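What follows is calculated from the coordinates using simple rules that are stated; it is not laboratory data. Here the structure is a predicted model, which means the values were calculated and not measured. Note: ideal-geometry Cβ built from the backbone for every residue, glycine included; neighbour counts use all protein chains shown.
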Amino acid sequence: MTLAGKTVVVVGGTSGVGLHIVLQAAAAGAKAVGLGRSPLRVAAAQEKARAAGVAAVFEQADGTDETSLRAALERHAPIAHVVASALDAEEHALGDFRKTGTAGLKRGMNKFWLSCTLIEQSDDLLEPDGSITLMSGSDERKAWPGVVAHAIVGGALNALVRTLAIELAPHRINVICPGPTVDSVNDAIERPQRVTGMQPWGERFPLKRVGDSSEVAHGALFLMTNGYVTGTILDIDGGASV
Ligand SMILES: NC(=O)c1ccc[n+]([C@@H]2O[C@H](COP(=O)([O-])OP(=O)(O)OC[C@H]3O[C@@H](n4cnc5c(N)ncnc54)[C@H](OP(=O)(O)O)[C@@H]3O)[C@@H](O)[C@H]2O)c1
């Protein structure tokens, strides 16, 4: 399968992994659309695409708001591939269970509900051989203290795709399970503390480094273009889960 001329919509497509998916899909000839809430990030992503010489489009939409998301999806239908790569870092509870409590875990599950909303709102707008790609995280595959909110949402997403692969066929649905990942191009400039904070994690993994957003995005393009893959959890984590 080729992406040439196909419409790809990425919720959370204005930063990090999602931005790289939009840029890589556009470079492969797709009509690629990145959605995000912040107008500043939308404008910055548009500028990055221009600087990279690719014709991607970025628009404001909130993936947790059915009306906002549906309007954005309808503007670009029919759609070949949708991706949920959004995470609200401020809402996401970090810390052990005694710190996050039930309220923190409920906030952490917002990413799960956003993914469900995307699946529901795009179902009738997807082409028959279209695909859905979700984003979980390696904290579900290997337990670490202090990241229980990441672990539970990852586990829920990984479970979701296995059942929905049966229920939604012929649409395909898969999930990428990334390890700690930085955007080496943009984070180094925009949030260097994230890069330095993440690096020690990488030392614990077989490949001795954290991932790059472009490497995780590469997995998303594989899942879109291989028409025989569904119900798969694709680990892209430098061996973190081993
Ligand atoms: N980076 C890692 O180490 C890592 C590890 C494991 C898993 N993951 C997963 O991989 C995915 C991407 O992570 P990342 O680090 O690349 O993220 P990121 O750079 O923080 O980008 C998150 C994107 O989501 C958007 N977003 C947040 N809430 C949204 C909403 N309600 N509606 C629409 N867009 C929304 C953000 O823009 P606005 O805030 O402007 O909306 C931004 O574009 C996430 O699901 C994350 O949990 C990441």
Within a 10 angstrom radius of the beta carbon, how do Asp88, Asp183, Asp129 rank from fewest other beta carbons to most? Asp129, Asp88, Asp183
Toy charge model, Lys and Arg Cβ at +1, Asp and Glu Cβ at -1: the chain dipole around Cα centroid in debye, rounded to 20, equals 460
State the percent of C-alpha pairs, over all pairs in the chain, separated by a distance greater than 29 angstrom. 22
For region 49-155, alpha-carbon Rg over 2.2 N^0.38 Å: 1.24
Out of Ala86, Ala169, Thr225, whose Cα points farthest toward the positive end of the dipole of the chain (charges: +1 Lys, Arg; -1 Asp, Glu; placed on Cβ)? Ala86
Which of Ala77, Gly53, Pro206 sits farthest toward the positive end of the charge dipole of the chain, with +1 on the Cβ of Lys and Arg and -1 on the Cβ of Asp and Glu? Pro206
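Going by a ≥ b ≥ c, the root eigenvalues of the Cα gyration tensor, does region 99-140 fall in the rounded group (a/c under 1.5), the prolate group (a/b larger than b/c) or the oblate group?
In terms of gyration-tensor shape, oblate.
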Using the crude model of +1 on Lys and Arg Cβ and -1 on Asp and Glu Cβ, and no other charge, please compute the dipole size for region 1-129 relative to its Cα centre, in debye to 20. 440
Given Thr133, Ser122, Ala151, which one lies farthest toward the positive end of the charge dipole of region 53-158, if we put +1 on the Cβ of every Lys and Arg and -1 on the Cβ of every Asp and Glu? Ala151
For the chain, with a Gaussian network of springs between Cα atoms less than 10 Å apart, report the residue from Gln199, Gln60, Gln24 with the top mean-square fluctuation. Gln199
Relative contact order, percent, region 84-181 [alpha-carbon distance under 8 Å, six or more residues apart]: 33
Hey, got the dipole for region 154-242? About the Cα centre, +1 on K and R Cβ, -1 on D and E Cβ, debye to the nearest 20? 140
Most mobile listed residue (Leu125, Leu221, Leu207) in the chain, GNM with C-alpha springs under 10 Å: Leu207
Given a Förster distance of 35 angstrom, what is the FRET efficiency for Glu74 paired with Val242, based on the Cβ-Cβ distance and rounded to 0.05? 0.25
In nm, spacing of pseudo-spin labels at Ile189 and Ser38 (7 Å Cα→C-beta vector): 1.5
Taking a straight Cα-to-Cα line shorter than 30 Å from Lys6, and setting aside same-chain lysines fewer than 8 residues away, one finds Lys31, Lys48, Lys111
